[in-house]
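Have a look at the structure below before the remarks.
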Amino acid sequence: GEDVEQSLFLSVREGDSSVINCTYTDSSSTYLYWYKQEPGAGLQLLTYIFSNMDMKQDQRLTVLLNKKDKHLSLRIADTQTGDSAIYFCAESSGGSYIPTFGRGTSLIVHP
Amino acid sequence: DTAVSQTPKYLVTQMGNDKSIKCEQNLGHDTMYWYKQDSKKFLKIMFSYNNKELIINETVPNRFSPKSPDKAHLNLHINSLELGDSAVYFCASTSDGAGNTEAFFGQGTRLTVV
């Protein structure tokens, strides 16, 4: 199976909260990331969390990490149409710093 | 100044041709990468390279080869292009060492093989 897994699509109404989930397999993962890819553009780092943390909040973004279950989530509060994009979960571990990406979740925000 | 820049942005070519995509980073990073994003948006690593080591994803055909003239550049050469090579190719870079390894990406090169 893949090292990092995410659901492929999420559709939400504008103003609602979005929750994008990710699971990973590498127990030595040191950093876990969320990247955003807008149409026709490269990936940009949204936020990251170190593996000894279980939560990180940054304005409308909340990252939750369950290290025991190897589960990472990204919550976007008050989702806006400008949040429509593909969101990639990624991890890097102490052994190799090569970031490994999930397949990406396409977030569609409708009015 | 663009941190990671790649050229060209679009590349249309015929099957069987040989082509190159260039990548440059001005971040002083030690490691550079090439990723392939297919039509389903799946992002898969092809190569990672620093001045010490080239790591190749074993699923990448040997028609693909990275060339690094210096630390700031990692170009991707593709020989005998096939229809299945059509995809968006992203260059990225990270700094070495322990700590957060945020990857900085180029804007992508959309390769279409006809």
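Apart from one condition, A:VAL12 fits all of (1) part of a strand (DSSP E or B); (2) under 15 Å from the mean Cα position of the chain (by Cα); the exception is (2). Among the residues of region A:30-48, just one is more than 10 Å from every other protein chain (Cβ to nearest Cβ) and over 12 Å from A:TYR87 (Cα atoms), namely A:LEU32.
The single condition from (1) in contact with an Asp or Glu (Cβ under 8 Å, 6 or more places away or on another chain); (2) within 14 Å of chain B (Cβ to nearest Cβ); (3) of a type in the set (Lys, Arg) that A:ARG60 fails is (2).
Mind checking which residues of region B:47-75 are within 21 Å of A:ALA90 (Cβ to Cβ) and in contact (Cβ under 8 Å) with a residue 40 or more places away in the chain? If the condition is that a residue be within 21 Å of A:ALA90 (Cβ to Cβ) and in contact (Cβ under 8 Å) with a residue 40 or more places away in the chain, then B:ASN50, B:LEU74 are the ones that fit. Whenever a residue of region B:80-104 is at the interface with chain A (Cβ under 8 Å from one of its Cβ atoms) and closer than 30 Å to B:ASP18 by Cβ, its partners that are part of a strand (DSSP E or B) and at pLDDT below 90, lying with C-beta atoms within less than 6 angstrom and at least six residues away or across chains, give the pairs B:THR94/B:THR31; B:ALA103/B:THR94.
Go through region B:1-40 residue by residue and tally those that are farther than 18 Å from A:THR100 by Cβ, of a type in the set (Asp, Glu) and surrounded by 13 or more Cβ atoms within 10 Å (Cβ to Cβ). So the answer is 2. Scanning region A:71-107 for residues that are in a loop (DSSP other than H, G, I, E, B) and more than 10 Å from chain B (Cβ to nearest Cβ), we see that the one that is modelled with the lowest pLDDT is A:GLY95. Please enumerate the residues belonging to region B:1-39 that are more than 13 Å from the chain's Cα centre (by Cα), assigned to a loop (DSSP other than H, G, I, E, B) and within 15 Å of A:ALA41 (Cα to Cα). Across region B:1-39, the qualifying residues are B:THR2, B:ALA3, B:ASP38, B:SER39.
Restricting attention to region A:21-60, report how many residues are part of a loop (DSSP other than H, G, I, E, B) and β-branched (Val, Ile, Thr). Qualifying residue count for the region: 1.
The values are calculated or read from the model by the stated rules, or taken from the named source; none is laboratory data. The structure displayed is predicted, hence computed values, not measured ones. Glycine gets a Cβ as well: all are built from the backbone with ideal geometry, and neighbour counts include every protein chain shown.
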